[in-house]
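Below is one structure; the comments refer to it alone.
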Amino acid sequence: MATPLPPPPADLAPAVPGQVAPTRRPLRIGIEAQRLFRPHKHGMDIVALELIRNLQQLDQHNEYFIFVKPDEDHAVLKATPNFHIVEVPGGPYPYWEQVLLPRAAREAGVHLLHCTSNTAPLRAGVPLVLTLHDIIYLEPLDLRRGSWYQRIGNLYRRWNVPRVMPLCERVLTVSAFEQARIVQRLPGPDGQVQVVYNSAGEQFRPITDQAALAAAKARYALPDRFIFFLANTDPKKNLRGVLQALALLKKQGQLSFQLVMLDYAETALAALLRELDAPELRAHIQLCGYVPNQELPLIYNLAEVFLYPSLRESFGIPILEAMACGTPVITSNTSSMPEVAGDAALLVDPFKPETIADAILRLQNDPTERAALVARGLQRVQHFSWRETARQVRRVYEEVVEASSVPKAR
């Protein structure tokens, strides 16, 4: 049940030059998190959830209005005295974002609106902050093999992002790599695009509870030895390259493990194996369905290696999740992944399956290198913090509202 909205106060009064400013009134901050209540959460949903939870812990002064679409998982976020959950029912996402969201923001009397998932309304009526996770959909990657849902979403982003960028007071992105791509492709005022890193949730850590690990292994029917790979139908995740690497290992007689994949359809896997003429690999792949985010640390802890050889990422939260769990990581030497992984992962060329296969063999055959990567990974993940993310984002809110309340020179 959404909490009743408190009435909006009068506009913020600009500070008078030369005078001591009075105690600042609380800001009224709107955050779009439309998919927060859906049962199966991924990427951008997790980022929005972690940001809001950490803002709740950090900020008891300002008022927040979290705009969501009604769905099943109400338990994921609870209202607090200064955090109001506003359920905005409606139709398809473009209509919800372009029509219903601005209306709800106006009714709440917010001083700014932060849209967290790459797109934003063209007529928000208040200063806009946009989290632009990536602009992959503007690049000439082969997106034709993605699902219809992904392709339609990319079409909307291709239409919206170039139009909404000039309307944003601040654009947040998640890596220096992505910042450079955005500035190159969509140039704007100096300082408009700011890097705010993601992190891994506190639940990702080494687990020593053998009973809990054994229960998870039984619950998901996990094999004794496996490599963990987070796949979906997006071509950038590089399942094709991973399967080609497995085929090389099988040909060499070195495929002594199972590949565990989550939330991937049997029909999609079968089609790709037919395309690669490699049906024999199916016996080496375990499909586990959807695993809730709170259960993922158990899977990471049970895995021998975490495999993340994407063709392109703007950040790569799973890299940090695996490191935080003490699992050695193989990831790509492209885009943002070296920026996130540092020296704490084996980096491979994702366009060359033989390099993926070689990295797997190295970690299987060299326990010293495995242990070194685990130690460096646990150290590396300490450089990232959702609390610091929330602190930086709150400062952006304050700067944007302050700038918008100062009279413009005529």
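Bear in mind these aren't lab numbers, they're just calculated from the coordinates by the rules spelled out. Keep in mind that this is a model prediction, so the values were computed, not measured. Here Cβ is always computed from backbone atoms with ideal geometry, including for glycine, and neighbour counts include all displayed protein chains.
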- Query: Helix 43-58 sits at what angle to the longest principal axis of the chain, using alpha carbons and giving 0 to 90 degrees rounded to 10?
  - Reply: 50 degrees
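Can you figure out the FRET efficiency of His74 with Arg185, using R₀ = 41 Å and their beta-carbon distance, to the nearest 0.05? List each step's numbers first, then the result.
Numbers: r = 38 Å, r/R0 = 0.93.
E(calc), rounded to 0.05, equals 0.60.
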- Query: By count of other Cβ within 10 Å, fewest leading, how are Ser385, Ser175, Ser256 ordered?
  - Reply: Ser256, Ser385, Ser175
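Using +1 on the beta carbon of Lys and Arg, -1 on that of Asp and Glu, and nothing else charged, what's the dipole of region 272-382 about the Cα centre, debye to 20?
On the way: 8 positive and 14 negative charges, 32 e Å.
Roughly 160 debye for region 272-382.
Rounded, prolate or oblate: pick one for region 34-104, where a ≥ b ≥ c are the square roots of the eigenvalues of its C-alpha gyration tensor, a/c under 1.5 means rounded, and failing that, prolate if a/b is larger than b/c, else oblate. Mind dumping the intermediate values first?
Working: a/c = 1.94, a/b = 1.35, b/c = 1.44.
Oblate.
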- Enter the mean projected area of the convex hull around the alpha-carbon atoms of region 307-410, in nm², rounded to one decimal. 8.7 nm²
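Among Phe384, Phe177, Phe229, rank each residue by its count of other Cβ atoms within 10 Å, from fewest to most, as a rough exposure measure.
Details: Phe384 18, Phe177 22, Phe229 25.
If I rank by nearby Cβ atoms, fewest first, I get Phe384, Phe177, Phe229.
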- Item | Rg over Rh [alpha-carbon atoms, Kirkwood Rh] for region 210-383 | 0.93
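Using the Cα centre as the reference, give the magnitude of the dipole from point charges on the C-beta atoms of the chain (Lys, Arg: +1; Asp, Glu: -1; all else neutral), rounded to the nearest 20 debye.
On the way: 44 positive and 42 negative charges, 139 e Å.
Rounded to the nearest 20 debye, it is 660 debye.
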- What residue among Gln379, Thr331, Ala344 has its Cα farthest toward the positive end of the dipole of region 306-395, where the charges are +1 on Lys, Arg and -1 on Asp, Glu, each on the Cβ? Gln379
- Residue order, fewest to most surrounding Cβ atoms within 10 angstrom, among Leu276, Leu222, Leu130: Leu276, Leu222, Leu130
